[in-house]
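Undergrad: Here it is, the structure, as structure tokens.
Laboratory data are not the source of any read-out in this text; all were calculated from the coordinates shown. If you're wondering where the values come from, they're calculated on a predicted model, not measured in any experiment. Please note: Cβ atoms are built from the backbone with ideal geometry, for glycine as well, and neighbour counts cover all protein chains shown.
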Amino acid sequence: MKTKLKGKFFASLVLFSLIGQVAWVVENMYLNVFMYKMFNASAGDISLMVGASAVAATITTVFIGALSDKIGKRKLFICGGYILWGISILCFMLVRTDIIDAVFPMAVSSASVGVALVIILDCVMTFFGSSANDAAFNAWLTDSTDSTNRGSAEGINSMMPLVAILVVFGGFMAFDLDKSSSWTYIFLIIGAVVLVIGVLGLFIINEPKLEKNTDGYFKTVFYGFKPSTIRKNKSLYLHLAIFIAFNISIQIFMPYLILYYEVSLKMTNYVFVMAPAIILASVVTFFWGKAYDKKGFNFSSWISIGWLALGYIILFISKSTPLVFVGSLLMMCGYLSGMAVFGAKIRDLTPIGQSGMFQGVRIFSQVLVPGVIGPFIGKTVLSNAETILNNDGTRSFVPNESIFLAALIVAVVVSFMLLLFMEPKTKRVEKVIDKEN
């Protein structure tokens, strides 16, 4: 029977998922813009930052996820993590050339120091963000749902990155991103909001009923990576392998997407072009979670990959604004609906009561491997990209459409993996029961 989730659960899900994704959007899509505009970062610098952040996120999620299982608490890590996450974002206000010159007067280049500081502080921010969101919040979401309603919950959770992009795009319209003062206000606003949400969570999040894990801590930490665990959960790890390839495809182009719109296509009004695409893709993702509940993984995953591939093709072959809009819409629909169905499937296959110790495995497939391999492929594809001369005499690279071709090739690999590991059809549930959350 299908378990019905209550309003308080959805309020917590929407608030923490949305604000968490707003913070991740700033990191994943705009921190590289910040580094590019303020410190003339290269494609190699951006690749290094994404890779270092991916490593930090994975290590954090492995250890903190296991710790939350060991203690038997999720709320503590979610709320405390969001508060510290907000504080770490506020620290970016201090990464300015005037402060760098004052603190490091002997530095040969304030730009190189700035790039290094951004990468280091990004890893610190990722530690707190991954503790709160990747480890604790995702474990809480798994604990608070079951196989009858995860598609619906994951549909909401997976549409939040697009809603967050819309929020950030809209908010950033008020700022001139070429000015250092604009970034100071941005980090102030985002950091303060994340901090406040962490405090609010103390009052609205319901702690799921968990039993403390009696195993040794380090046994819990490495449980998800043991060969015996993999043998017991073959289907879970097969789907994680496909998820790795899916996320590699996304990470090839995502770190360079905003720069591609603004620098390569010279779309100064890309916010107005992308906003309708984001709204439509968010709606599609919301309903696609329900499609997973009704139709299952095979149907919903194939359609998602089809949308993604078609979006890549259009973005590769055309630079006209209408077709860029259509390609971006299809790409976003495929990306977010794919995240929804893979996320729901992985939660379905996660052993009950062990969601914390499996968050490290999930983040390994969602962040670490894709976050290292994807941007490296993107950097390699852009190694011979055109460069432009900046006002200060330095040169910056210009992202081109080749990143979408590389992403398409990996998406084709994902399709073959889905075909190879296709599972037999299962009947979906229809009856409904209530569940307090």
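Undergrad: Take the Cβ-Cβ distance between PHE222 and SER181 as r, set R0 to 51 Å, and report the resulting FRET efficiency rounded to the nearest 0.05.
TA: Working: r = 47 Å, r/R0 = 0.91.
Efficiency, rounded to the nearest 0.05: 0.65.
Undergrad: At 7 Å along Cα-to-Cβ for each site, give me the label-to-label distance between VAL398 and ASN298 in nm.
TA: 4.8
Undergrad: Follow-up. Please report, for the Cα atoms of region 332-376, the Rg to one decimal and the Dmax as a whole number; what are they, in angstrom?
TA: Here Rg and the maximum Cα pair distance are 12.0, 36 Å.
Undergrad: Roughly what angle does helix 75-90 make with the longest principal axis of the chain, taking Cα atoms, 0 to 90 degrees, to the nearest 10?
TA: Once rounded, one gets 0 degrees.
Undergrad: Which residues' amide hydrogens lie under 5 Å from the amide hydrogen of THR3, considering only partners 5 or more residues apart or on another chain, with H built in the peptide plane?
TA: Residues meeting the criterion, in which the H sits 1.01 Å from N, are THR148, ASN149, ILE433.
Undergrad: Hey, rough spin-label estimate for ILE317 and LYS290, points 7 angstrom out along Cα→Cβ, what's it come to in nanometres?
TA: 3.4
Undergrad: Report, to one decimal in Å, the Kirkwood hydrodynamic radius for the chain based on all distinct Cα pairs. Before the final figure, lay out the partial values.
TA: Values: mean 1/r = 0.0454 Å⁻¹.
Hydrodynamic radius (Kirkwood, Cα only) of the chain equals 22.0 Å.
Undergrad: Here's a follow-up. Between their Cα atoms, which of LYS266/LYS319; LYS6/LYS295; LYS6/LYS290; LYS73/LYS345; LYS6/LYS209; LYS8/LYS75 are more than 19 Å away from each other?
TA: LYS6/LYS295; LYS73/LYS345
Undergrad: With a 10 Å radius around each residue's Cβ, average the other Cβ atoms per peptide and rank 38-49, 358-369, highest first.
TA: The densest-packed peptide leads the list: 358-369, 38-49.
Undergrad: In deg cm²/dmol, rounded to 500, what helix-only [θ] at 222 nm does the chain give when every DSSP H run of at least 4 residues adds -39500 (n - 2.57) and the total is split over its residues? Could the numbers behind the result be given before it?
TA: Working: 18 runs with 302 residues, N = 437.
Roughly -23000 deg cm²/dmol at 222 nm, from the helical runs in the chain.
Undergrad: Calculate the dipole size of the chain relative to its Cα centre from +1 charges on Lys and Arg beta carbons and -1 charges on Asp and Glu beta carbons; express the result in debye to the nearest 20.
TA: In debye, rounded to 20, the chain gives about 1640.
Undergrad: Return the FRET efficiency for the residue pair LEU419, ARG231: r is the Cβ-Cβ distance, R0 is 22 Å, and the value is rounded to the nearest 0.05.
TA: So the FRET efficiency works out to roughly 0.40.
Undergrad: Provide the convex hull volume over Cα atoms per residue for region 1-85, in Å³.
TA: Per-residue hull volume (Cα only) is 142 Å³.
Undergrad: On to the next question. How big is region 303-410 by Rg and Dmax over its Cα atoms, in Å?
TA: 17.8, 58
Undergrad: Under the 0.36 nm per residue contour assumption, what length would be gained going from the current alpha-carbon distance of ASN269 and ALA241 to full extension?
TA: Here the segment from ASN269 to ALA241 would lengthen by 6.3 nm.
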